[in-house]
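*Asks:* Please read through the structure below; I'll follow up with questions.
The values are calculated or read from the model by the stated rules, or taken from the named source; none is laboratory data. Model, not experiment: these values are computed from the prediction. Don't worry about glycine lacking a Cβ; one is built from the backbone with ideal geometry, like all the others, and counts go over all protein chains shown. The protein model used for the area step is the full one, side chains on, heavy atoms only, and it has no ligands, DNA or RNA in it. Shrake-Rupley method; radii C 1.70, N 1.55, O 1.52, S 1.80 Å.
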Amino acid sequence: MKYALVIFETDASRARIRAHRDAHRKTYETWIGELAAAGKLAGGDALDTESQGPVTVRTAADGTVSVTDGPVHNGEETLGGWFLLEVADRAEAIELARSFPTPEALELRPVLESA
C-alpha cells in the first residue's frame, strides 16, 4: 500500500533548519537512507520554497480559468515537499511519519490504487 507523506513548512521551521543546516541535512539523509534500505521509500522530492513563490490555477465549473500568484490556501504553512511511502498499512505510515527528523507538519494520504 502506498501513502503520500506531504511536508508543510513554516517560516519558523525553515529558519530553524537554516540555522543548523548541516545537522538537519545529516539527520534527514540518515532518515531517508533508512527508509530506502528498508524498502519503504518509493519516491519523493523537496520543493523550492525560497527562490520563487507558488502560482495557483483554478478552473471554474463554467470553464473559466484564473491564475493568481500564491498558494492554493492562505496560511502559515507552505507545501515543502513529499515522499511516497510503501507500507503495509496506515499504522505503519503513521509510525514512519512520527520518526520524521525535522520540525514540520506532515500530512499522510493513501494513494489511490487504480485498476
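*Asks:* Could you list, ordered by first residue, the pairs with Cβ atoms under 9 Å in which the first is in the range 87-99 and within 22 Å of GLU29 (Cβ to Cβ) and without any contact (Cβ under 8 Å) to a residue 60 or more places away in the chain and the second is open to solvent by less than 30 Å² (accessible area, probe 1.4 Å) and not polar (S, T, N, Q), at least 6 apart or interchain?
*Replies:* Listed pairs, sorted by first residue: GLU92/TYR3; GLU92/LEU85; GLU95/VAL87.
*Asks:* Does ILE32 qualify as being in contact (Cβ under 8 Å) with a residue 60 or more places away in the chain and surrounded by 10 or more Cβ atoms within 10 Å (Cβ to Cβ)?
*Replies:* It is false that ILE32 is in contact (Cβ under 8 Å) with a residue 60 or more places away in the chain and surrounded by 10 or more Cβ atoms within 10 Å (Cβ to Cβ).
*Asks:* Okay, next question. Name the residues in the range 59-91 that are acidic (Asp, Glu) and more than 10 Å from TYR3 (Cα to Cα), would you?
*Replies:* Answer for the range 59-91, where residues must be acidic (Asp, Glu) and more than 10 Å from TYR3 (Cα to Cα): ASP62, ASP69, GLU76, GLU77.
*Asks:* Which of (1) outside any strand (DSSP E or B); (2) at pLDDT 90 or above is the odd one out, the single condition GLY44 does not satisfy?
*Replies:* So GLY44 meets the others, but not (1).
*Asks:* Of the conditions (1) modelled with pLDDT under 95; (2) under 19 Å from PRO103 (Cα atoms), ALA4 clears all except one; give me its number.
*Replies:* (1)
*Asks:* Here is a follow-up. So in the range 7-23, with the set limited to residues that are out of contact with any strand residue (DSSP E or B) (no Cβ under 7 Å at 6 or more places or on another chain) and among the aliphatic types (A, V, I, L, M), which one is modelled with the lowest pLDDT?
*Replies:* The selected residue is ILE17.
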